[in-house]
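For reference, the structure discussed in these notes is given below.
The values are calculated or read from the model by the stated rules, or taken from the named source; none is laboratory data. Note that the structure is a prediction, hence the values are computed from the model and not measured. Here Cβ is always computed from backbone atoms with ideal geometry, including for glycine, and neighbour counts include all displayed protein chains. The accessibility values were calculated without ligands, DNA or RNA, using every heavy atom of the protein model including side chains. Shrake-Rupley method; radii C 1.70, N 1.55, O 1.52, S 1.80 Å.
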Amino acid sequence: MELYNLKHPSQKVSFKEAVQLGLGKDRGLFFPSQIPVLDDIEGLLALPFVERSKKVLGAWLASELGQDAVDELVERAFNFDLPLVAVDEQRACLELFHGPTLAFKDFGARFMAQCVNAFVGDTRLTILTATSGDTGAAVADAFYGLEKVNVVVLYPKGKISELQEKMFTTLGKNIHTVAVSSDFDACQDLVKRAFDDPEVRDGLSLNSANSINISRLLAQICYYFEAVAQSKQRHEADPVISVPSGNFGNLTAGLFAKAMGLPVKRFIAATNANDTVPRYLDNGQWQPNPTQATMSNAMDVSEPSNWPRVEAICEKLGWPLSSLVGIRLSEEQTSQALAELHAQGYVSEPHAAIAAKALSLTLVPDEVGIFLGTAHPAKFKDVVDRELTLNLPLPPELEAVASKPILSAELAADFAALKVHLFKILA
């Protein structure tokens with residue numbers, strides 16, 4: 001598999017190199033030179049999830065890694081359910097929160113961890129990543145205890161839910177966490193600056209586990225095939241898929257799936273008040289505003305890193321950007337969306353509720369739609385309990401960490417301070 005740097009197309013790398021580097025020169029994103037197109041989509045959709053995923057990822061990776069190696073990576077990474085649950089006659093939720101950290105990030109993080117562990121050799125690697133909520137837990141769980149990998153997770157202090165925080169800040173061992181006194185965009189900028197600093201990048205053998213890493217995106221393609229496979233068992237129509245969007249890795253994976261031949265009628269990019277993309281799709285002006293804190297905190301991103309890949313896919317396939325639908329919901333609308341789902345007998349959380357409402361705003365009578373359930377409602381217990389007047393029970397995964405002490409360091413959004421801290425804990 002060959003990939004190139006979107007900022008410097010002359011920089012070409014293999015999949016293995018892209019996984020290990022994370023970012024290219026000048027923070028450029030790696031993008032595949034070719035997107036494989038699959039034959040016999042109907043036959044693929046009839047397969048079980050893991051068997052189908054081997055073929056989907058094999059189309060990208062078998063030429064470089066060998067199909068047997070791909071099969072082994074998939075079997076180790078994907079070992080939990082992803083049901084499509086009907087909410088009403090037109091809408092269903094693909095529940096992606098049945099993995100070990102109760103969030104969709106488990107798919108990409110576990111696959112990436114298996115890849116890194118297979119490729120690392122004798123080098124001691126440092127995974128440096130930023131999280132707006134669920135990435136931190138998924139990455140920490142996926143890499144926890146791996147002898148040759150240290151993980152450092154930056155997150156915005158006080159701007160993720162307490163239970164989200166407890167999922168990745170209570171582990172210790174090779175997992176190091178830093179609460180940054182700012183927002184997610186500042187955390188993401190610190191990560192990018194670390195990669196731009198040769199002393200840090202080379203001295204600590206940096207890699208990133210954000211959705212900028214191509215291994216995570218490829219893994220996420222697989223659940224779009226599962227969504228359509230389950231939908232086709234109930235409806236003949238190609239589904240509309242609504243994606244709760246923050247850093248836009250999730251939508252990027254969906255577009256890759258469609259480019260491979262998956263029958264999706266259209267995609268909806270659903271955001272909260274941090275609506276850079278919906279405004280851009282509406283007026284053609286890329287104008288990020290200061291990031292606003294919302295109850296859907298994992299989507300509190302004003303400068304989504306993966307957007308250049310979205311544009312690259314559309315350009316490569318000749319799809320106009322107008323084929324994407326951007327929908328923004330306010331806090332009041334998010335609250336209403338949660339209540340509407342609850343009234344239909346489905347308890348959700350703010351991110352999925354935004355996607356569900358965006359779907360209902362755009363579906364016409366003869367269409368069917370899928371919205372992605374990206375996290376277990378209990379990960380946002382405070383919000384869900386408040387908005388729906390409930391007292392959600394904690395699943396075992398959250399109960400186990402609820403009373404544990406947080407082990408995070410606290411830093412200002414200052415790169416010099418972060419650099420000193422990284423060498424102190426890792427060198």
So which residues in the range 79-114 are in a helix (DSSP H, G or I) and either out of contact with any Pro (no Cβ under 9 Å at 6 or more places or on another chain) or polar (S, T, N, Q) (or both)?
105, 107, 108, 109, 111, 112, 113, 114
Would you confirm whether any residue within the range 322-331 is modelled with pLDDT of 95 or more and more than 25 Å from the chain's Cα centre (by Cα)?
no
Kindly list the number of the only condition in (1) at pLDDT below 95; (2) among the small types (Gly, Ala, Ser); (3) over 18 Å from residue 108 (Cβ atoms) that fails for residue 22.
(3)
Quick check on this structure: which one of 300, 189, 197, 238 is open to solvent by 10 Å² or more (accessible area, probe 1.4 Å), of a type in the set (Asp, Glu) and out of contact with any helix residue (DSSP H, G or I) (no Cβ under 8 Å at 6 or more places or on another chain)?
189
Quick one: count up the residues across the range 269-293 that are in contact with a helix residue (DSSP H, G or I) (Cβ under 6 Å, 6 or more places away or on another chain), more than 25 Å from residue 30 (Cβ to Cβ) and either at pLDDT below 95 or part of a loop (DSSP other than H, G, I, E, B) (or both).
2
Which of the residues spanning the range 200-234 are open to solvent by 10 Å² or more (accessible area, probe 1.4 Å), over 22 Å from residue 32 (Cβ atoms) and in a helix (DSSP H, G or I)?
201, 202, 203, 230, 232
Of the numbered conditions (1) out of contact with any helix residue (DSSP H, G or I) (no Cβ under 6 Å at 6 or more places or on another chain); (2) within 18 Å of residue 268 (Cα to Cα); (3) open to solvent by less than 60 Å² (accessible area, probe 1.4 Å); (4) free of Cβ contacts under 8 Å to residues at least 60 places away in the same chain, residue 339 satisfies every one except a single condition; which is it?
(2)
Would you mind telling me which numbered condition in (1) touching a residue at least 60 places away in the same chain (Cβ under 8 Å); (2) crowded, with 19+ Cβ neighbours inside 10 Å residue 175 fails?
(1)
Name the pairs: first residue in the range 44-69 and more than 18 Å from residue 216 (Cβ to Cβ) and of a type in the set (Phe, Trp, Tyr), second residue outside any helix (DSSP H, G or I) and open to solvent by less than 30 Å² (accessible area, probe 1.4 Å), Cβ to Cβ under 7 Å, at least 6 apart or on different chains?
none
Please list, ordered by residue number, the helices (runs of 4 or more DSSP H) wholly in the range 370-427 having 3 or more residues that are among the acidic types (Asp, Glu) and either touching a Pro at 6+ places or on another chain (Cβ under 8 Å) or open to solvent by 20 Å² or more (accessible area, probe 1.4 Å) (or both).
381-388
Could you check how many residues of the range 34-67 are outside any helix (DSSP H, G or I), open to solvent by 40 Å² or more (accessible area, probe 1.4 Å) and more than 21 Å from residue 13 (Cβ to Cβ)?
6
The residue that is modelled with the lowest pLDDT, considering only those in the range 142-196 that are within 22 Å of residue 120 (Cβ to Cβ) and part of a helix (DSSP H, G or I), is 195
